[in-house]
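Below is one structure, written out as structure tokens; the observations come after it.
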Amino acid sequence: MEERRKSRRTDLQSKLLVRRLDSGRQEEIGVDVKNVSKTGIGFYCDEILDMGAVYEAYLTIWTKEVIHAFIEIVRIEKVVDTYEFGGLFIGMPEIDLQRIDVYNVVSDAENYNDN
């Protein structure tokens, strides 16, 4: 498969709560984050989310801070007994994007030192 990501993605151990914006439903859905970049996020979820839908999200990052974001679902793939999703961040403040970028730099440095 051809790589189409604009920013490097880094694994992130976190949870994400998402809530769909364009429906009257206020249900929160827990997901497991696979990786994150300045432009988007990959995650697993047992429930099927809608392609193209925008979800409100609260991402807990490595510093234990919570980033409020909006995510548009752009990829869905069925894997074993769950789904893998790809989403783009929409309208995320620059300061939060920089937090993710700093984490990527620190993660790279740690990986370099381990080798």
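Bear in mind these aren't lab numbers, they're just calculated from the coordinates by the rules spelled out. Quantities reported herein were computed from a predicted structural model and do not represent experimental measurements. A quick note on method: Cβ atoms are made from the backbone with ideal geometry, for glycine too, and the neighbour counts reach across all protein chains shown.
I want to check the label-to-label distance for T60 and T39. Put each point 7 Å from Cα in the C-beta direction and report it in nm to one decimal.
Computed distance between label sites T60 and T39 equals 2.9 nm.
Can you list the GluC sites (Glu not before Pro) in the range 51-100 that are in a DSSP coil and have 11 or fewer other beta carbons within 10 angstrom?
E65
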